[in-house]
1. For a quick protection proxy, order the peptides 104-116, 85-97 by their average other-Cβ count within 10 Å, most packed first.
2. Listed highest first by mean packing, meaning other Cβ atoms within 10 Å per residue, what order do 155-162, 186-193 come in?
3. Choose one of G112, H195, F178: the residue whose Cα lies farthest towards the positive end of the charge dipole of the range 112-202 (beta-carbon charges +1 Lys, Arg; -1 Asp, Glu; about the Cα centre).
4. Mark the label point 7 Å from the Cα of S95 along Cα→Cβ and return the residues of the range 168-195 whose backbone N is within less than 17 Å of it.
5. If you average the C-alpha positions of the range 163-196 and of the range 67-129 separately, how far apart do those two centres end up, in angstrom?
6. Mind checking the full-extension length gain between K105 and E162? Use 0.36 nm per residue of separation minus the Cα-Cα distance, one decimal, nm.
7. Around L85, with a cut-off of 12 angstrom between Cβ atoms, what is the net charge of the other residues, counting Lys and Arg +1 and Asp and Glu -1?
8. Would you mind working out the magnitude of the charge dipole of the range 78-190 relative to its Cα centre, with +1 at each Lys and Arg C-beta and -1 at each Asp and Glu C-beta, to the nearest 20 Debye?
Amino acid sequence: MTLRKMLTLGSILALAACGSDTSGKGRVAIVMSATGGGVASAAATPSLDATETSASHTSCRPGQALQAAEVTFASILARTLDGVLTDVAVSLPESVDLLSLVSGKQVTLPVGFLPPGTYDQLVVVMTKVEVTLLDGTKIAITPPGGGWTAIVPVAQPFTVAEGQTTTITLRFRKDLSFTCLSGIWEFRPKFEGSHDDGGHHD
């Protein structure tokens, strides 16, 4: 079983085991925004590294632009300073048009819950992507097994406290995430993470 499949299965099982029991946990609000340059260009094709996964679909041409990109978020995990991955108990899946964030829009995912502690990284699992071209044509990008996994270091470790809310911002890198290369659409999810130091409240 691949790492992506294990992460997805593990988060589903953890969320099912957690149920509605959020006692002793802290709330986590994940706010999505965007940063970066152009969306689709054959001239701007980033290379993959160990934190990225990709998949593709035909029917694109160099310089072709997108008007929408619906991405389904399936699970989110957080890593403690000791390197332990912990499932964020949150009501997912949730679909977000990532390109709608480019104009300054923000989207907040359903509030999640984590045990008290300090975390320095998020692991975001996505299972479905559908892009819309400027002429309205919709294209589904085929996912790799288990979906796409984005490993997102947070600029500074964040602390979750019982009964309080910590706000995490995920900034979508539109310039690095969608590419049209040799007639193939590719999705290589890239995010930047940070947290609001004033985000704790009762």
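1. 85-97, 104-116
2. Values: 155-162: 15.6, 186-193: 21.1.
Listed from highest to lowest mean packing, they are 186-193, 155-162.
3. F178
4. none
5. Centre-to-centre distance over Cα atoms comes out at 10 Å.
6. On the way: separation 57, 0.36 × 57 = 20.52 nm, distance 2.98 nm.
Working it through step by step, the gained length comes to 17.5 nm.
7. Numbers: positive: R79; negative: D82, D87, D120.
Its environment carries a net charge of -2.
8. On the way: 9 positive and 10 negative charges, 55 e Å.
Computed charge dipole of the range 78-190: roughly 260 debye.
Readers should treat all values here as calculations from the given coordinates under stated rules, not as data from a laboratory. On a predicted model such as this, the values are computed, not experimentally measured, just so you know. We place every Cβ from the backbone using ideal geometry, glycine too, and count neighbours over all the protein chains shown.
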